[in-house]
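The values are calculated or read from the model by the stated rules, or taken from the named source; none is laboratory data. All values reported here derive from a predicted model rather than from experimental measurement. Heads up, the Cβs are rebuilt from the backbone with ideal geometry, glycines too, and the neighbour counts pull from every protein chain shown.
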Amino acid sequence: MAESHTIAVIGGGVVGVSCALMLAREGHSVTVVEEGRVGHGCSWGNGAQYNAGSALPMAHPGVTWRALRWFVDANGPVRLAPQELHRTLPWLVRFLRAGRMEAWEAAYAALHALNRPCAALYREMLGEIDWKRLFRPNGALHVWRDMSPSALDERVDSLRTRQGVAFERLSAEQLRELEPALSRDYRRGIYFPGSGHVTSPPALVQGLMERAAALGASIRNAQVRAIEPAGYGVTLQTSTGPHGCDKVVIAAGIASRDLARSLGISLSLASERGYHITMPGTCGAISRPVTDAASAFVATPLDEGLRIVGIAEFDAPDAPRDEKQNKKLQAYARAMLPGISISQVTEWMGVRPSTPDSLPIIGSHPKHAGILFATGHGHMGISGAPMTAALITDLVAGRAPRISSASYRLR
């Protein structure tokens, strides 16, 4: 067993709690430092799906023209707040560079390596009973209204095939066999048998935290205001007083950006705000996550109802939410599933910590080995959390990472 350390994990989302559990399993004394409730930040409101090769980096060849169309479309899935342009512009330049063919293919390979083992790792982390309670390995669908795949679609097929991703192209009739409630406007789709979803994202995080607590991990409800590295060890200055530890893992979502800046590190993280609506009583409309590829929104059946997730809104984390975005999601839901009745809706907005190439940031501070980062998972926190936690435990133990971590370096 590796040498035991006292470790603070800043952030109680799915990434932070996964790190806490894996570190506790290796004998470390772990404290999760979370300002709010564990599992009730961005992890609470996500699309609840896990991806085994279905997800692509957001930046792709041809993304420039597609993004411009979205920016000028008031009903589109992307919004850039003018007052946030000065902060977002450098990120957007990197985003466009990441869409070049070679960079995009390399990013997809690294993303797939991180996400591919997530279901098996969760099964190991949670145990068979909780895994079966929370996970639905029913696959996932991507759907289109146009008839013919584009040249980029063909390239994506080739890329997925090279990575060993299982998928099946479906006709309109086959789509309706899988999901009869889908609009007949959808004329083709792709089925990913290796993907699936969880029935409750907060229950997933809570289950992981309970497993970590059984191994001695604790929770400290506090805001981290400063991180002070010493000769050996680290002191966190928090809203409830100082907290000393040997090492710290920064898994604080978009707040990681400011914490890194205070340590002399500039992380390329954008505040990409996402919205969801959840409609109680309608979860039976579909049996698996369905992604409308053109409009970039996802419908997922949860215990609490049918969830529609979408919108990429680049604005300050604390800016007021735009109520028009939830109206868009209701319109998307009616267009995808014309037979559903939207009588009761709960609404949510959260901040995704997004990188230009869609790859998370996993690694140690270049000058302080006791400070580690596990952030920037964007849309794919559930998928990337287990292997991220595995890589963090490898770093803490000083052993070779189980997969190459070069693509997730600090940047």
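Data for the structure
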item	result
Failed item in (1) part of a helix (DSSP H, G or I); (2) under 28 Å from residue 336 (Cα atoms); (3) β-branched (Val, Ile, Thr), with residue 165 passing the rest	(1)
Scan of the range 1-39 for residues that are in a loop (DSSP other than H, G, I, E, B) and either of a type in the set (Asp, Glu) or more than 24 Å from residue 226 (Cβ to Cβ) (or both), ordered by number	1, 2, 3, 4, 26, 27, 35, 39
Qualifying position, being crowded, with 16+ Cβ neighbours inside 10 Å, under 17 Å from the mean Cα position of the chain (by Cα), within 26 Å of residue 276 (Cα to Cα) and not charged (D, E, K, R), among 67, 52, 81, 113	52
Selected residue (criterion: nearest to residue 109 (Cα to Cα)) from residues of the range 180-194 that are surrounded by 12 or more Cβ atoms within 10 Å (Cβ to Cβ) and more than 25 Å from the chain's Cα centre (by Cα)	188
Matching entry among 261, 211, 220, 288 (being surrounded by fewer than 16 Cβ atoms within 10 Å (Cβ to Cβ) and either modelled with pLDDT of 95 or more or in a strand (DSSP E or B) (or both))	261
Count of the range 79-105 residues which are over 16 Å from residue 355 (Cβ atoms) and aliphatic (A, V, I, L, M)	4
Candidate set from the range 125-163 (those that are under 27 Å from residue 199 (Cα atoms) and over 22 Å from the mean Cα position of the chain (by Cα)); member that is surrounded by the most Cβ atoms within 10 Å (Cβ to Cβ)	144
Filter result (within 21 Å of the chain's Cα centre (by Cα) and either among the aromatic types (Phe, Trp, Tyr) or within 12 Å of residue 397 (Cβ to Cβ) (or both)) within the range 1-22	22
Single residue of 226, 252, 270 found to be of a type in the set (A, V, I, L, M), touching a strand residue (DSSP E or B) at 6+ places or on another chain (Cβ under 8 Å) and surrounded by fewer than 16 Cβ atoms within 10 Å (Cβ to Cβ)	226
Flag for residue 315 being assigned by TED's automatic domain parsing to the domain that holds residue 107 and buried (at least 20 other Cβ atoms within 10 Å of the Cβ)	yes
Some residue of the range 381-396 being more than 22 Å from the chain's Cα centre (by Cα) and either buried (at least 24 other Cβ atoms within 10 Å of the Cβ) or in contact (Cβ under 8 Å) with a residue 40 or more places away in the chain (or both)	yes
Residue count, the range 335-393 (criterion: of a type outside the set (Gly, Ala, Ser), more than 25 Å from residue 290 (Cβ to Cβ) and in contact with a Pro (Cβ under 7 Å, 6 or more places away or on another chain))	7
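Condition check ((1) farther than 21 Å from residue 21 by Cβ; (2) small (Gly, Ala, Ser)) across all residues:
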position: 155; (1), (2): yes, no
position: 188; (1), (2): yes, no
position: 192; (1), (2): yes, no
position: 203; (1), (2): no, yes
position: 210; (1), (2): no, no
position: 222; (1), (2): no, yes
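To keep it simple, each residue is scored yes or no on (1) surrounded by fewer than 15 Cβ atoms within 10 Å (Cβ to Cβ); (2) within 17 Å of residue 154 (Cα to Cα).
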{"site": "61", "(1), (2)": "no, yes"}
{"site": "72", "(1), (2)": "yes, no"}
{"site": "91", "(1), (2)": "no, no"}
{"site": "94", "(1), (2)": "no, no"}
{"site": "97", "(1), (2)": "yes, no"}
{"site": "102", "(1), (2)": "yes, yes"}
